[in-house]
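Trainee: I have a structure I would like to understand better, so I am pasting it below and will then ask my questions one at a time.
What follows is calculated from the coordinates using simple rules that are stated; it is not laboratory data. Quantities reported herein were computed from a predicted structural model and do not represent experimental measurements. Using ideal geometry, Cβ is built from the backbone for each residue, glycine included, and neighbour counts are taken over all protein chains shown.
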Amino acid sequence: MDPRIYDVPGDNSWCPGCGNFPILEALKRALAELETDPKDLVLVSGIGQAAKTPHYFRSHFFNGLHGRALPVATAIQAANPGLRVLCIGGDGDMYGEGGNHFLHAVRRNPRLTHLVHNNMVYGLTKGQASPTSPVGFVTPIQVEGVQAEPFNPLAVALSLGASFVARVFCGDGEMMNRVLVEAIRHEGYALVDLLQPCVSFNRIHTYRWFREHTVPLPEDHDPSDRKQALLRALETDPCPVGIFYRETRRVFHRALAPYEENEEPLHARRRDPGKLRAFLERYR
Ligand SMILES: Cc1ncc(C[n+]2csc(CCOP(=O)(O)OP(=O)(O)O)c2C)c(N)n1
Ligand SMILES: [Mg+2]
């Protein structure tokens, strides 16, 4: 399939050179490679520069409140498991304002791809510290530098039982494409932390900085070994990139109860009030 199937006409308000651009292109390539029809695809986001991604993408989308994309995406997917659901946002949106939802999405294991554009800063609101900004990071608000230890999304996800955990640098198109294909294909919750520069509000973490401070996971890394993955996730400089962990376990819409193998999804039953009532009876 041609990735241009996801193109939409119109202007883009991201800064020239923003890391969001290569991510957007890699995402289109990965979805095209997986032959994903735009009508079977839903992008869900909150607020931020990264959260604008669905505006630049031809698919169904839901752009809601800051930090609230994951519960919406989980519900969409559970009601209609035939859809491919991607949840997209920034480090502030997903690990800060939406941090609570992040924890519980990992535990539920919904079949959705969670893409976090991690530029270590609040880009949209012009440069305040985010949960992943390092100690000492100076901003117009944190004038003496960030005091708190940075949030480690991979270690958190792994310790809560995440079924797919990866990190990539958006300057490595080949690795990003490969990892996105695997993440989107994954039958369960898949976290991809995408390291990206913010060319306007983060002058420390540039393309060059990421290139010099990231390293691919070693050849002998075993992605079925959660403990090994967790130890790797605790390494920060250089910061390992690649697929840390993957396993297959029961997904949320099956665990939810009513879905027998050949049963109609919730959205189809909605059209028949009798069937919907019978479904709801199970929860009394
Ligand atoms: C409840 C709420 N709190 C704060 C804001 C202001 N706000 C909008 S975007 C944002 C941070 C965005 O940062 P991030 O998610 O990292 O996205 P980026 O712009 O860096 O891609 C903040 C604090 C808001 N819109 N709603
Ligand atoms: Mg950000």
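Trainee: Take peptides 44-51, 93-100 and line them up by average Cβ neighbours within 10 Å, highest first, as a rough protection proxy.
Mentor: Highest mean packing first, the order is 44-51, 93-100.
Trainee: As a check on your grasp of the helix formula, calculate [θ] at 222 nm for the chain: sum -39500 (n - 2.57) over DSSP H runs of n ≥ 4, divide by the residue count, round to the nearest 500.
Mentor: Rounded to the nearest 500, it is -8500 deg cm²/dmol.
Trainee: Taking 8 Å as the Cα distance limit and 6 or more residues as the minimum spacing, I'd like the relative contact order of the chain as a percentage.
Mentor: Result for the chain is 17 percent.
Trainee: Relative contact order for region 15-137: what is it in percent, counting Cα pairs under 8 Å that are at least 6 residues apart?
Mentor: It rounds to 23 percent for region 15-137.
Trainee: Step through the residues of region 235-244 one at a time and calculate ³J(HN,Hα) from phi using the Karplus curve (6.51 cos²θ - 1.76 cosθ + 1.60, θ = phi - 60°), rounding each to whole Hz and writing x for Gly and Pro.
Mentor: Per residue, the Karplus-derived 3J(HN,Hα) values read 6, 10, 8, x, 9, x, 10, x, 8, 6 Hz.
Trainee: Rg to Rh ratio, region 157-243, alpha-carbon atoms and Kirkwood radius?
Mentor: For region 157-243, the value is 0.97.
Trainee: So if R0 is 35 Å, what FRET efficiency would Arg4 and Thr236 give, r being the distance between their Cβ atoms, rounded to the nearest 0.05?
Mentor: 0.35
Trainee: Which percent of the Cα-Cα distances in the chain go past 31 Å?
Mentor: That tail contains 26 percent of the Cα-Cα pairs.
Trainee: Turning to a different aspect of this structure: Could you tell me what percent of the DSSP beta bridges with both partners in region 3-282 are antiparallel, to the nearest 5?
Mentor: So the antiparallel bridges amount to about 15 percent of the total.
Trainee: Right, something else. Equivalent ellipsoid semi-axes for region 77-156, as square roots of 5 times the alpha carbon gyration tensor eigenvalues: give them largest first, rounded to whole Å.
Mentor: After scaling each eigenvalue by five and taking roots: 29, 13, 8 Å.
Trainee: Provide the gained length on full extension for the span Glu144 to Asp37, in nm with one decimal, where the gain is 0.36 nm per separating residue minus the Cα-Cα distance.
Mentor: 33.6 nm is the gain from fully extending Glu144 to Asp37.
Trainee: If you take every residue apart from Asn118 with its C-beta less than 13 Å away from the C-beta of Asn118, what net charge results, scoring Lys and Arg +1 and Asp and Glu -1?
Mentor: For residues surrounding Asn118, the net value is -2.
Trainee: So, one more: Give me the net charge of Ile5's neighbourhood, meaning all other residues with Cβ under 9 Å from the Cβ of Ile5; Lys, Arg count +1, Asp, Glu -1.
Mentor: So the surrounding residues net to 0.
Trainee: Counting only complete DSSP H runs, which helices of the chain cover 24 Å or more along their long axis at the Cα atoms and score a mean Kyte-Doolittle of 1.0 or above?
Mentor: none
Trainee: Of the lysine pairs in the chain, how many meet both conditions: Cα atoms under 26 Å apart, and a spacing of 8 or more in sequence or different chains?
Mentor: 5
Trainee: If packing is taken as the average number of other Cβ atoms within 10 Å across a peptide's residues, how do 209-222, 65-78 rank, most packed first?
Mentor: Top to bottom by mean Cβ count within 10 Å: 65-78, 209-222.
Trainee: Any idea what the relative contact order of region 146-235 is, in percent, if you count C-alpha pairs under 8 Å spaced at least 6 apart?
Mentor: Across region 146-235, relative contact order equals 31 percent.
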